[in-house]
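*Asks:* This is the structure, below, for whatever I ask next.
Quick note: the coordinates plus some simple rules give every number you see, no bench work behind them. Since the model is a prediction, treat every value here as computed from it, not as a measurement. Cβ sites come from the backbone with ideal geometry, for glycine too, and all protein chains shown count toward neighbours.
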Amino acid sequence: MQQHFSLAECDVVGFDLDHTLCRYHLPQSARLIYDSFAQYLVTEKGYDEDLLTLAPDSLDFCCKGLVLDIEEGNFLKLAEDGTVLRASHGTKSMTVEEILEIYGRKEWKHFNTVSGMVSRTAKYYLYDNYFDLPGALLCARVVDSLDQHDGQKKYDFWKDMVAAIQHNYKISAFKENCGMYFPEVKNHPDKYLQRCPESVKKWLKQLKNAGKILLLITSSHSDYCRLLCEHVLGNDFEEYFDILITNALKPGFFSHTPNQRPFRTLENDEEQEALLSLDKPGWYSQGNAIQLYDLLKKMTGKLDPKVVYFGDSMHSDIFPAHHYSNWETVFILEELLGDKGIVPAKAESEPLEKKGKYEVDQLKVPYFVSKQWGSFFVDRLPGLENAEETLVHTWSCKCISTYSTIAIPSLEAIADLPLDYRFTRFSSNSSATAGYYPSPPRALLPNEESVMTK
């Protein structure tokens, strides 16, 4: 496989919407998501009112890549081989002794299923994106609360959590002004949404002018998608894309067959009857990657058009696009901004005054490096004497180099590069840091030296 990846070689460029094209003000959106779920649990399900108050630094608990062991009420940070690196019971960190006593130094019992990424069961939940993360803090506090009042050993709050998510995010919630989430974003979009930088809009147009087909594939429903796109891209947002697919229900969009998940047309944001095939560009709902690819073949006149997809969720975007569709994937990983060692590589076309934008962004970040959970990328094995030599990659880190073509902190980080810029891709025969742009996370560098990469 070739060592480099270039957008110039792609025929089709696809984007996820939330936290990819549309970036949020994370502290505000995290708080809103937490409050939306907590409000429901307290008012509808009778949970403790204390859940509604949040200490200022409690969002530090939120860290991408955590797995909730639902029955035990434990959160786990896993190494690439499936052993437990850190754990908490509710919000309370477990000691090295407790971790070794409960989990030992062996693969966690559900690791095989979770690392297959295909199914989610009622036994665990993987927190891998910013929409989910505030729910991790809420679940942890629910466990604290149940322990305090009932001294429970096994936990069955998960069904209520699912109900809270469905109440706030169900397909009709936006239209009905139901729940807390959508009404709040509708009323105060500027508080939660960052406008798309001019450099990114220019880049999207540049891609289109270069003859690329542009896709938007989002699991958000069409009415919420329209609100986001108008706010971040402008009222002419539809002109940026050839095909818009909303309510895509990823990862099923990639894994399901046309019979299981047909495309539907939309009228006034209501889904219409199922389509037997996808014949022309436009705006659609649901659907599947197989019929989409057939249309892309027609549109490009190629038997095997090359598609790249940008997304922020390993579970919903990157893994399924890579695994089922064999697309190139660009992982949006905002954690790269929170890495204090980041030094933007100076591409020939990048003006020097841009150099500071990564440092500036760090100030807006609520929880890139969690004090409680440590680095997203590496950690020490618990309980070994020679701790210095026992740094291992996390499972999340391993997934990035396995399923992504490259990883970047934001679209803005590459928008000023020429389209034929050659990125070094992740590959099994290159170093573990090869695919990160503009530079690898400092935690992955030998002796934590921050070096310039190209």
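*Asks:* Across the chain, where is the longest run that never hits GluC sites (Glu not before Pro) in a DSSP loop with at most 15 other C-beta atoms within 10 Å? Please list the in-between numbers first.
*Replies:* On the way: sites that count: GLU71, GLU348, GLU385, GLU449.
Formally, the longest exposed-site-free interval is 72-347.
*Asks:* Another question, then. Counting every Cα pair in region 26-188, what percent are over 23 Å apart? Don't skip to the answer; put the middle values down first.
*Replies:* Values: 5153 of 13203 pairs.
That fraction is 39 percent.
*Asks:* Starting from 0.36 nm per residue, how many nanometres of slack lie between LYS153 and LYS280 once their C-alpha separation is accounted for? Don't jump to the answer; show the numbers that get you there.
*Replies:* Values: separation 127, 0.36 × 127 = 45.72 nm, distance 5.51 nm.
Full-extension gain reported as 40.2 nm.
*Asks:* Right, here's the next one. Could you check the spin-label model distance between LYS297 and LYS191? Points 7 Å from the Cα along Cα→Cβ, value in nm.
*Replies:* About 5.0 nm separates the two model spin labels.
*Asks:* Can you tell me the relative contact order of the chain? Whole percent, Cα pairs under 8 Å, sequence separation 6 or more. Write down the numbers at each step before the final one.
*Replies:* Numbers: 816 pairs, mean separation 97.5, N = 454.
It rounds to 21 percent for the chain.
*Asks:* When the dipole is taken about the Cα centre of region 26-188, and only Lys, Arg (+1) and Asp, Glu (-1) are charged at their Cβ, what size is it in debye, to the nearest 20?
*Replies:* That gives region 26-188 a dipole magnitude of about 520 debye.
*Asks:* Find out how many positive minus negative residues lie around HIS110, taking Lys and Arg as positive, Asp and Glu as negative, among other residues whose Cβ is under 9 Å from that of HIS110.
*Replies:* Numbers: positive: LYS109, LYS123; negative: ASP69.
Residues near HIS110 contribute +1 overall.
*Asks:* Could you calculate the contour length gain from LYS170 to ASN268, that is, 0.36 nm times the residue separation minus the distance between their Cα atoms, to one decimal place in nm? Intermediate values should be presented prior to the final figure.
*Replies:* Values: separation 98, 0.36 × 98 = 35.28 nm, distance 1.71 nm.
That pair, LYS170 and ASN268, stretches by 33.6 nm at full extension.
*Asks:* Another question, then. Would you indicate which of (1) 4, 21, 34, 29, 10, 1, 0; (2) 4, 20, 31, 28, 14, 3, 0; (3) 4, 20, 28, 25, 15, 6, 2, 1, 0 is the value of P(r) over Cα pairs in 10 Å bins from 0, in percent derived from the coordinates of this structure?
*Replies:* It is the value labelled (2).
*Asks:* Can you give the local net charge around ILE165? Use residues other than it whose beta-carbon is closer than 12 angstrom to its beta-carbon, Lys and Arg +1, Asp and Glu -1.
*Replies:* 0
*Asks:* To the nearest 0.05, how large is the calculated FRET efficiency for GLU97 and ASP48 if R₀ is 25 Å and r is the Cβ-Cβ distance?
*Replies:* Once rounded, the FRET efficiency stands at 0.25.
*Asks:* Normalised by the empirical 2.2 N^0.38 Å for globular proteins, what value does the Cα Rg of region 157-275 take? Spell out each step's value before the answer.
*Replies:* Details: Rg = 16.2 Å, N = 119, 2.2 N^0.38 = 13.5 Å.
Output field value: 1.20.
*Asks:* May I ask you to list the trypsin sites (Lys or Arg not before Pro) in region 89-160 that are in a DSSP loop and have at most 15 other Cβ atoms within 10 Å of their Cβ? Walk me through the numbers on the way to the answer.
*Replies:* Working: sites: LYS92, ARG105, LYS106, LYS109, ARG120, LYS123, ARG141, LYS153, LYS154, LYS159; in loops: ARG105, LYS106, LYS109, ARG120, LYS123, LYS153, LYS154.
The qualifying sites are ARG105, LYS106, LYS109, ARG120, LYS123, LYS153, LYS154.
*Asks:* Continuing with this model, one more query. Are any of the pairs LYS170/LYS306; LYS170/LYS302; LYS106/LYS153 more than 28 Å apart by Cα-Cα distance, and if so, which?
*Replies:* Numbers: LYS170/LYS306 34 Å; LYS170/LYS302 38 Å; LYS106/LYS153 23 Å.
Result: LYS170/LYS306; LYS170/LYS302 exceed 28 Å.
*Asks:* Additional query: May I ask for the net charge around ASP312, where only other residues with Cβ less than 12 Å from the Cβ of ASP312 are counted and Lys, Arg are +1 while Asp, Glu are -1?
*Replies:* Working: positive: ARG23, LYS64, LYS250; negative: ASP16, ASP18, ASP128, ASP132, ASP317, GLU334, GLU335.
Residues close to ASP312 contribute a combined charge of -4.
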